[in-house]
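Below is one structure, written out as structure tokens, with a few remarks after it.
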Amino acid sequence: MRWLLAGAAAVPLASCGGGTDAGATVAGSAAGTGSSGTSGAVTQPVAGACTVIPEETGGPYPADGTNTNGGSIINVLNQSGVVRSDIRASFNGATGVAAGVPLTIKLQLLNASGSCASLAGYAVYLWHCDREGLYSLYSSGVTAQNYLRGVQETDSAGNLAFTTIFPGCYAGRMPHVHFEVYPSLAKAASAANRIKTSQFTFPMATLNEAYTASGYTASVRNLAQISYATDNVFSDGTSLQMATVTGNATDGYVVTLVVAVNG
């Protein structure tokens, strides 16, 4: 696993997290929360062989029960309402809403050790920074918020979708989205059960266009000082972690990515 060395002005340095029990609320909160996330399947072709997406650091802001902030364990996996498709708003009593360019994230999970068959009934916990480069629950000014975090379960074709906002670029890192893969929604209640931790990024043309939108001024400056080649996560290549993007900065974007794991 590669350790992040990026120093952000708005956020601390990145590092890895471990795994501890995160409670059982995820398993019990699927009913009535729209947990299937089946709107719009990933349409990228699936071949008979696929490569497992690289393992990456979860960074210092996972909020999955594996680290602390201010002396307290930070964990959303045991909070009611974390299983949801729209992650723009905070939940479980918090009221903040993340503003930014609309973004739909569509993932498809495949079994690399099983002829790339679709992985139905698996779960993904996904999180990323806001347009200012801040992480809810950790960064100064948003520690009382838990937006831009959520869990979804894959449908029969291995697909799921999140509605969110385009993440900003903070100093020292290429823009990215974190996620953890779990073998079931019930097991997503504990970070100890995750079978893959990784990140994905966006094409440079998309980043340059997205950051012309209101609220992303700092991202323009930060992006100019980093590249895929110098990023501590993506410097070894992005072929399996580069999302396919459609849309624009006015109407919003849709990104798709096929994620192969050993199921």
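The values are calculated or read from the model by the stated rules, or taken from the named source; none is laboratory data. This is a predicted model, so every value here is computed, not measured. With ideal geometry, Cβ positions are generated from the backbone for all residues, glycine too; neighbour counts draw on all protein chains shown. Ligands, DNA and RNA are excluded from the accessible area calculation, which covers all protein heavy atoms including side chains. Shrake-Rupley method; radii C 1.70, N 1.55, O 1.52, S 1.80 Å.
Observations, loosely collected:
- Boolean, D251 is out of contact with any strand residue (DSSP E or B) (no Cβ under 6 Å at 6 or more places or on another chain) and closer than 18 Å to I53 by Cα: no
- Strands (runs of 3 or more DSSP E) within segment 168-263 that include 1 or more residues touching a Lys or Arg at 6+ places or on another chain (Cβ under 8 Å): 177-182, 252-261
- Hits in segment 96-125 (condition: in a loop (DSSP other than H, G, I, E, B), open to solvent by 20 Å² or more (accessible area, probe 1.4 Å) and in contact (Cβ under 8 Å) with a residue 40 or more places away in the chain): A99, G100, A112, S113, G114, S115, G121, Y122
- Taking residues in segment 208-235 that are more than 20 Å from E56 (Cβ to Cβ), and partners anywhere that are basic (K, R) and assigned to a loop (DSSP other than H, G, I, E, B), the pairs with Cβ atoms closer than 7 Å and at least 6 places apart or on different chains are G215/R131; Y216/R131.
- Condition met for G158 (in contact (Cβ under 8 Å) with a residue 24 or more places away in the chain, open to solvent by less than 10 Å² (accessible area, probe 1.4 Å) and farther than 29 Å from G133 by Cβ): yes
- Within segment 148-173, the only residue that satisfies the criterion of being aromatic (F, W, Y) and out of contact with any strand residue (DSSP E or B) (no Cβ under 6 Å at 6 or more places or on another chain) is Y170.
- Residue tally, condition in a loop (DSSP other than H, G, I, E, B) and at negative phi, over segment 63-95: 14
- Test for Y135: is it surrounded by 24 or more Cβ atoms within 10 Å (Cβ to Cβ), part of a strand (DSSP E or B) and aromatic (F, W, Y): no
- Matching residues, segment 241-261, being farther than 13 Å from T206 by Cα and of a type in the set (S, T, N, Q): Q241, T256
- Residue match in segment 226-233 (condition: crowded, with 18+ Cβ neighbours inside 10 Å and of a type in the set (D, E, K, R)): yes
- Count - residues of segment 136-162 that are aromatic (F, W, Y) and over 9 Å from I87 (Cβ atoms): 1
- Residues being of a type in the set (A, V, I, L, M) and buried (at least 24 other Cβ atoms within 10 Å of the Cβ) - total across segment 166-180: 2
- All positions within segment 182-237 that are touching a Cys at 6+ places or on another chain (Cβ under 6 Å) and either at pLDDT below 95 or small (G, A, S) (or both): S219
- For segment 55-62, the criterion of being outside any loop (DSSP other than H, G, I, E, B) and touching a residue at least 40 places away in the same chain (Cβ under 8 Å) is met by none of the residues.
- In segment 98-143, the residues that are farther than 18 Å from G59 by Cβ and within 17 Å of the chain's Cα centre (by Cα): A99, G100, V101, P102, L103, T104, K106, L107, Q108, L109, Y122, A123
- Residues satisfying the criterion are absent from segment 44-63 (criterion: among the hydroxyl-bearing types (S, T, Y), open to solvent by 30 Å² or more (accessible area, probe 1.4 Å) and modelled with pLDDT under 95).
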